[in-house]
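Chemist: This is the structure I have questions about; it appears just below.
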Amino acid sequence: MTNVVFDASSIVGAALKADSLPERALLLARSHETICLSAAVEAEIRQVLRRPKFRKYISEASRDRILDILGGAALMFETVQQVIDCRDKKDNKYLELALAAGASIIVSSDDDLLVLDPWRGIRIVRPVDYVRLGKAGDKPCRAAVLRLLRGGGYGHCTAAWSAITARRWCSAPAASTSL
């Protein structure tokens, strides 16, 4: 299984609207990957979900459901290496977690993180891009995952993905490689 880090912006997006792309990304990761948390990341997610500006949009039940998804699926990691690469220093905690967990992907809706993609071999992708990887029968297409992790596009995959996404693929098949 691949280790994946979610930032607070993606978690808030999941809590704001049921069946949103951020929620689908979170559920996909829960089913097929290992979601990684650190104490600092978990604290920020909890704090952000409780901000007064979200109270009228995120019900207590929705917040608790998202926190249950995270709590039930996540592995906790202790960060050991300090990072100062992000232009928003508060977001360095996600980079530190990704390093400590050996994560391959950070799922984020935050431009301060997305601008770093790829960062030290770790892809930083929007929830929509993460979900696109899993459209092939709720299981990520290996060729597409490999291309994404190597910094390429989605590549060609024979799985039944949407026609819109299919237009973006290369015309040549990607080399078959096992993960």
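The values are calculated or read from the model by the stated rules, or taken from the named source; none is laboratory data. If you're wondering where the values come from, they're calculated on a predicted model, not measured in any experiment. A quick note on method: Cβ atoms are made from the backbone with ideal geometry, for glycine too, and the neighbour counts reach across all protein chains shown. We work out accessible area using only protein heavy atoms, side chains counted, and drop any ligands, DNA or RNA first. Shrake-Rupley method; radii C 1.70, N 1.55, O 1.52, S 1.80 Å.
Chemist: Pop a pseudo-label 7 angstrom from the Cα along the beta-carbon direction at both Ser59 and Leu75 and give the gap in nm to one decimal.
Modeler: About 3.4 nm, to one decimal.
Chemist: Tell me, what ³J(HN,Hα) does each residue in the range 35-48 have, in order and in whole Hz, if you take phi through Karplus 6.51 cos²θ - 1.76 cosθ + 1.60 with θ = phi - 60° and put x for Gly and Pro?
Modeler: Each residue of the range 35-48 in turn: 7, 10, 9, 10, 4, 5, 5, 4, 4, 5, 4, 4, 5, 5 Hz.
Chemist: Amide H neighbours of Trp119 under 5 Å, counting only residues 5+ apart in sequence or on other chains, H built in-plane at 1.01 Å?
Modeler: Result for Trp119 returns Ile124.
Chemist: Just to be sure I understand the model, the point goes 7 Å from the Cα along the line to the Cβ. What's the resulting Leu67 to Arg87 distance in nm?
Modeler: The modelled label-to-label distance comes out at 3.3 nm.
Chemist: Here's something else I'd like to know. Using the heavy atoms of the protein chains and a 1.4 angstrom probe, tell me the accessible area per residue for the range 1-81 in square angstrom.
Modeler: 51
Chemist: If you keep only loop residues by DSSP, which GluC sites (Glu not before Pro) in the range 3-106 have at most 15 other Cβ atoms within 10 Å of their Cβ?
Modeler: Counting only loop positions with at most 15 other Cβ atoms within 10 Å, the GluC sites (Glu not before Pro) in the range 3-106 are Glu78.
Chemist: Right, here's the next one. What is the spin-label model distance, in nm, from Val115 to Ala43 if the labels are put 7 Å beyond Cα along the C-beta direction?
Modeler: In this crude label model, Val115 to Ala43 measures out at 2.6 nm.
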